[in-house]
Amino acid sequence: MVIAKEISQVKQNVREWKKQGLSIGLVPTMGYLHEGHASLIKKAREENDRVIVSDFVNPIQFGPKEDLATYPRDFEADCKLCESIGADLIFNPEPCEMYEDDFHSYVGVNTLYEGLCGKSRPIHFNGVCTVVTKLFNITEADRAYFGQKDAQQLAIVRRMVRDLNYNIQIVGCPIVREEDGLAKSSRNTYLTPEEREKATILHKALEEGERMVNEGETDANKIVETVRNIIESEPLAKVDYVEIVDWNELQKVEKIDGPILMAVAVYIGKVRLIDNFIVDNSIVIEMV
Ligand code: AMP
């Protein structure tokens, strides 16, 4: 496996692979890899001749009061995991390699970023779109793999690719969970043992919301209220948002009559966790 720190190294490998007519799959990550990331890399491995994993804590998607400095990192372990799955290249640039001092160009998707996580993280999705665009251009990937764990990100990247005619296929992958239902996340390591135990309330509450949808409840406010009440029954939990939006435009819905995303963001102590489920024409895509 090639370990690339510089853009030119990645481009050189890509040029060789393209010359041989090989397909390329890209898995963008911020490192500290776990089984959620591994599921994306495995899928990319199945579907492409060459697999690139980017491992980069992207500074421009963090707000000034967010956890950029403390975001967990373990590049050695990430390399081992990528190699064990059979990735061909891991790209781990320094921030100055991606953003030179005179960097001025940003990519963004209007409207879709305004609700859900965008409300409390206003610059986040423009930072994501910009780094993802750079990674698409650097790797010339045929396919890129994103987790449904970050459902708003998946929706925004899909829209960006469609609107701006990128030659890349976006592949969405289901949420990988711990045995007790907590969605796997690099940020779970911030939780104290007590918080970790209580964090399962997100999944429990969403399971109830999903059960209501599947049993035919169409009043979105009723479901939101039920899910919010379950989460708020846990004293360590503080809700950032609980929302049901339509899965295409990410706008709030009152009545469920098409594909929807139910998403929550909740502080457990100081740690902000997100989780969701999608119901697409009454076919449940996620939640096991
Ligand atoms: P991150 O390193 O948190 O930026 O995540 C990189 C990619 O892995 C994103 O597309 C995430 O949605 C995806 N991902 C993170 N956690 C999970 C999970 N538990 N299940 C599936 N995909 C995940």
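The values are calculated or read from the model by the stated rules, or taken from the named source; none is laboratory data. Worth saying up front: this structure is predicted, and the values here are computed from it rather than measured. Neighbour counts are summed over all protein chains in view; Cβ atoms, including those assigned to glycine, are modelled from backbone coordinates with ideal geometry. Just the protein is used for accessible areas: all its heavy atoms, side chains included, with ligands, DNA and RNA removed. Shrake-Rupley method; radii C 1.70, N 1.55, O 1.52, S 1.80 Å.
Computed from Cα positions, the angle between helix 75-85 and the longest principal axis of the chain comes to roughly 90 degrees.
Taking a straight Cα-Cα cut-off under 20 Å and skipping sequence neighbours fewer than 8 places away in the same chain, the aspartates and glutamates within cross-link reach of LYS65 are GLU114, ASP240. With kT/(6 pi eta Rh) evaluated at 37 °C and eta = 0.692 mPa s, and Rh the Kirkwood radius from Cα pairs, the chain diffuses with a coefficient of 166 µm²/s according to Stokes-Einstein. For the range 56-146, a Kirkwood radius taken over Cα pairs fed into Stokes-Einstein (37 °C, viscosity 0.692 mPa s) yields D = 219 µm²/s.
Net length available on complete extension from VAL239 to HIS104 is 45.1 nm, with 0.36 nm assigned per residue and the Cα-Cα distance removed. Here the chain exposes an accessible surface that is 47 percent carbon and sulfur, computed with a 1.4 Å probe and the other protein chains kept in place. Applying both filters, DSSP loop and at most 15 other Cβ atoms within 10 Å, to the trypsin sites (Lys or Arg not before Pro) of the range 16-79 gives LYS65, ARG73.
Charged neighbours of GLU217, selected by a Cβ distance under 13 Å, balance to -4 (K, R count +1; D, E count -1). Under 20 Å from the Cα of LYS184, which lysines turn up, not counting those fewer than eight places away in the same chain? Straight-distance partners of LYS184: LYS42, LYS43, LYS80, LYS149, LYS198, LYS204, LYS238, LYS270. Compared with the alpha-carbon gap, the fully stretched path from CYS96 to GLU83 is longer by 2.1 nm at 0.36 nm per residue. How far is helix 35-47 tilted off the main Cα axis of the chain, in degrees rounded to 10, range 0 to 90? Relative to the chain, helix 35-47 is tipped by roughly 50 degrees. In this label model, LYS270 and GLU179 are separated by 3.0 nm, measuring between points 7 Å along each Cα→Cβ vector. Taking Lys and Arg as +1 and Asp and Glu as -1, the other residues whose beta-carbon sits under 11 Å from that of VAL227 total -3. Across the chain, the longest piece that holds none of the GluC sites (Glu not before Pro) lying in DSSP loops with up to 10 other C-beta atoms within 10 Å covers 1-99. Loop-only trypsin sites (Lys or Arg not before Pro) in the range 193-288, please: DSSP not H, G, I, E or B, and at most 16 other Cβ atoms within 10 Å. Within the range 193-288, the qualifying trypsin sites (Lys or Arg not before Pro) (loop, at most 16 other Cβ atoms within 10 Å) are LYS270. If you line up the long axis of helix 220-232 against the longest principal axis of the chain, both from Cα atoms, how many degrees apart are they, to the nearest 10? The angle comes out at about 90 degrees. Per residue, the solvent-accessible area of the range 165-288 (1.4 Å probe, heavy atoms of protein chains only, all protein chains present) comes to 49 Å².
Dividing the alpha-carbon radius of gyration of the range 163-253 by the rule-of-thumb value 2.2 N^0.38 Å gives 1.30. So which lysines can LYS19 reach, going by Cα to Cα under 16 Å and dropping same-chain residues fewer than 8 places off? Here the lysines satisfying the reach criterion relative to LYS19 are LYS11. PRO259: net charge of surrounding residues, Cβ under 11 Å, Lys/Arg +1, Asp/Glu -1, itself excluded? Net charge around PRO259: -4.
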